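The values are calculated or read from the model by the stated rules, or taken from the named source; none is laboratory data. As the structure is a prediction and not an experimental result, all values here were calculated from the model. Please note: Cβ atoms are built from the backbone with ideal geometry, for glycine as well, and neighbour counts cover all protein chains shown. SASA here: full protein model, heavy atoms, side chains in, ligands and nucleic acids out. Shrake-Rupley method; radii C 1.70, N 1.55, O 1.52, S 1.80 Å.
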Amino acid sequence: QVQLVESGGGLVQAGASLRLSCAASGRTFSSPAMGWFRQVPGKEREFVAAISWDGGTQYYLDSVKGRFAISRDNAKNTAYLQMNNLKPEDTAVYYCAASETAASLKTRRVDYWGQGTQVTVSS
């Protein structure tokens with residue numbers, strides 16, 4: 001089992017930045033890739049970004065490329081999502097996820113989910 005705990009969400013104005021963190025614990029070696037999804041009420045959970053164990057492979061949702069950056073610190077078993085130039089359409093609950101590979105996350109094959117953290121961007 002892997003436990004994922006997100007933090008860093010909040011309410012910001014458009015154009016601001018936020019950094020989300022996801023701390024992993026447990027059998028993290030079984031699902032070493034980490035990523036982020038988001039969901040708004042009434043819509044499917046949407047892939048946002050993923051990163052491989054070594055950080056060498058990264059994937060992004062087209063609409064966040066150039067604004068969001070995923071990274072990780074393996075010594076701390078923590079992944080991050082730096083979100084810059086936030087827009088109202090980025091408002092959602094953001095979920096951390098873990099899986100075998102970054103490609104798995106991109107195709108929504110998720111082994112573990114976090115509980116989610118709310119991000120609200122006002123116009």
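A few comments on the model shown:
- Test: residue in segment 24-40 that is touching a Lys or Arg at 6+ places or on another chain (Cβ under 8 Å), open to solvent by 50 Å² or more (accessible area, probe 1.4 Å), part of a strand (DSSP E or B) and charged (D, E, K, R): no
- In segment 86-103, the qualifying residues are those that are aliphatic (A, V, I, L, M) and in a helix (DSSP H, G or I), and the one that is surrounded by the fewest Cβ atoms within 10 Å (Cβ to Cβ) is A103.
- For the residues G56, G10, G66, the requirement of being among the small types (G, A, S) and touching a residue at least 12 places away in the same chain (Cβ under 8 Å) singles out G10.
- Number of residues in segment 8-23 that are closer than 17 Å to A49 by Cβ, of a type outside the set (A, V, I, L, M, F, W, C) and assigned to a strand (DSSP E or B) equals 2.
- Any hit, segment 63-85, residues being open to solvent by less than 60 Å² (accessible area, probe 1.4 Å), among the polar types (S, T, N, Q), modelled with pLDDT of 95 or more and in a helix (DSSP H, G or I): no
- Among residues of segment 41-59, those that are open to solvent by 50 Å² or more (accessible area, probe 1.4 Å) and of a type in the set (F, W, Y), counted: 2
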